[in-house]
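The values are calculated or read from the model by the stated rules, or taken from the named source; none is laboratory data. Predicted model only: the values in this text are computed from it and were never measured. All Cβ positions, even for glycine, are placed from backbone atoms using ideal geometry, and neighbour counts span all protein chains on display. Protein only, heavy atoms only, side chains kept; ligands, DNA and RNA dropped before computing areas. Shrake-Rupley method; radii C 1.70, N 1.55, O 1.52, S 1.80 Å.
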Amino acid sequence: MTLAIGVDVGGSKVAAGVVDSSGQIIAKLKRSTPAASPPRTEQAIAEVVTELLASYQVTAIGLGAAGFVDAERATMLFAPNLAWRDEPLKQRVEERLGRAVVVENDANASAWAETRFGAARGYRDVMLVAVGTGIGAAIIIGGELYRGRWGIAGEPGHVRVVPEGRLCGCGNRGCWEQYASGNALVAEAREFARRTPEGAIRLLQLGGGTPEGISGPEITRAATEGDPAALRCFQTVGGWLGQGLADLTAVLDPACFVIGGGVSEAGDLLLDPARAAFDRALTGRGYRPLAEIKVAQLGQDAGIVGAADLAREASQNSVPQTTAPSSPSSGPPGPGSFMRSTSMANPATNAATAQNAANPGTDQPTAVATTR
Ligand SMILES: [Zn+2]
């Protein structure tokens, strides 16, 4: 059985695992990293991998990183929530390790893992939507990851759904992830507690008495207890999520959406309002099969498992890898002008979506879907 190492590179931590070819993690390590320092993150990656290599023989090493990875799967072009700009991650880590690595977008890695081993097993047309701090996403078409021409397909979190709406970490306004993410959930709850403290007694209690103390786990807990204010937050955010899934369906017609990320741990608290909004917003509803909307199965391990499996696949499909210290294998990182010329800030492409999703989720009926 061939083993591979997968590394999940996030904003505040690096988690690495040795993964077998059936997707099982047989060893795992974690390190904290400062989000603002690419070199220290690269050092942490090299450390955890080196530690695992001391005990396990592996055929490939894959990194799943939170940001835009270029088509050569080598350079981190941009990370909305990290300090990475045109960072040659593959080359830097290979220099430290003396071995080849494959870099992949973290959502791509998770989608691959869920399709091979998790919630979407058996499906060939899958979209993963990871609802965490922001929204990550990945597209699988006909059983293959769809990366786009430049490697950065599948970023619907930055489709603008509200013209001149909330400011996003990417620099634009009104992005979907400002309405359908964990951050949006927290913003809704705090705003509600500020405006209507008498209606948010339980939320405030769990948050230590102030709106600022309310975060995701408190909202989920209150909602689980049946607290109306917390349930209302999930209705709103789930409503935005479902409308966005309907818009994505208009483009991609997937068989299955896998909803991952931290907020998906709330399960049907999030998915029931999302399914209800999806059913309402879907073009041609009643006359077409509905995509499944499922909770991710692999949890936080998906990034590790997917990065390892993609690296293993890449190593099988390419010439045998050398174990010699790698020379910088790719050309220079993409020029900045190339990034700007393909920036998402193109009003023409966003207008239709904005129109389609302009209904705020706040007006949605509070009925919970019972159609599935
Ligand atoms: Zn954005």
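Is the shape of segment 193-313 best called rounded, prolate or oblate, per the rule: a/c under 1.5 gives rounded, else a/b larger than b/c gives prolate, else oblate, with a ≥ b ≥ c the square roots of the Cα gyration tensor eigenvalues?
In terms of gyration-tensor shape, oblate.
Given a 1.4 Å probe and heavy atoms of the protein chains only, how would you sort CYS175, CYS170, largest accessible area at the top?
Order by accessible area, largest first: CYS170, CYS175.
Rounded to a whole number of µm²/s, how large is the Stokes-Einstein D of segment 1-114 at 25 °C and 0.890 mPa s, given Rh as the Kirkwood radius over C-alpha pairs?
177
Could you work out, for segment 59-199, what percent of all Cα-Cα pairs fall into each 10 Å distance bin, beginning at 0 Å and stopping at the bin that holds the largest distance?
12, 34, 32, 16, 6, 1, 0
Run the accessible area of segment 36-149 with a 1.4 Å probe and give the carbon-and-sulfur part as a rounded percent.
Roughly 45 percent of what the probe reaches on segment 36-149 is carbon or sulfur.
Starting from the Cα of GLU313, step 7 Å toward the Cβ, then list every residue of segment 87-121 with an amide N under 19 Å from that point.
101-121
Could you put ASP247, ASP268 in order of accessible surface area, largest first, with the 1.4 Å probe and the full protein assembly present?
From most exposed to least exposed: ASP268, ASP247.
Please arrange ILE25, ILE259 by accessible surface area, largest first, computed with a 1.4 Å probe and ligands excluded.
Most to least solvent-accessible, the answer reads ILE25, ILE259.
Using per-residue counts of other Cβ atoms within 10 Å, averaged over each peptide, order 83-96, 32-45, 233-246, 2-15 from highest down.
233-246, 2-15, 83-96, 32-45
Just subtract the alpha-carbon distance of ARG85 and ARG288 from 0.36 nm times their residue separation and send over the number in nm, one decimal.
Contour length minus the Cα-Cα distance gives 68.8 nm.
With contacts defined as alpha carbon pairs under 8 Å and 6 or more residues apart, what's the relative contact order of segment 34-117 in percent?
It comes to 32 percent, rounded to a whole number.
Write down the Kirkwood hydrodynamic radius of segment 226-265, to one decimal in angstroms, obtained as one divided by the mean of 1/r over all alpha carbon pairs.
Kirkwood hydrodynamic radius for segment 226-265: 11.5 Å.
Scale the Cα Rg of segment 203-273 by the rule-of-thumb value 2.2 N^0.38 Å and send over the ratio, two decimals.
My calculation over the Cα atoms of segment 203-273 gives 1.26.
Could you name the lysines whose alpha carbon sits less than 30 Å from that of LYS90, not counting residues in the same chain fewer than 8 places away?
List returned: LYS13, LYS28, LYS30.
R0 = 45 Å: FRET efficiency of MET1 with GLU225, Cβ-based, nearest 0.05?
Result of the calculation: an efficiency of 0.50.
Once the mean 1/r over all distinct Cα pairs of segment 249-314 is inverted, what Kirkwood radius in angstroms do you read off? Can you show the working numbers first?
Working: mean 1/r = 0.0730 Å⁻¹.
About 13.7 Å, per the Kirkwood formula over Cα pairs.
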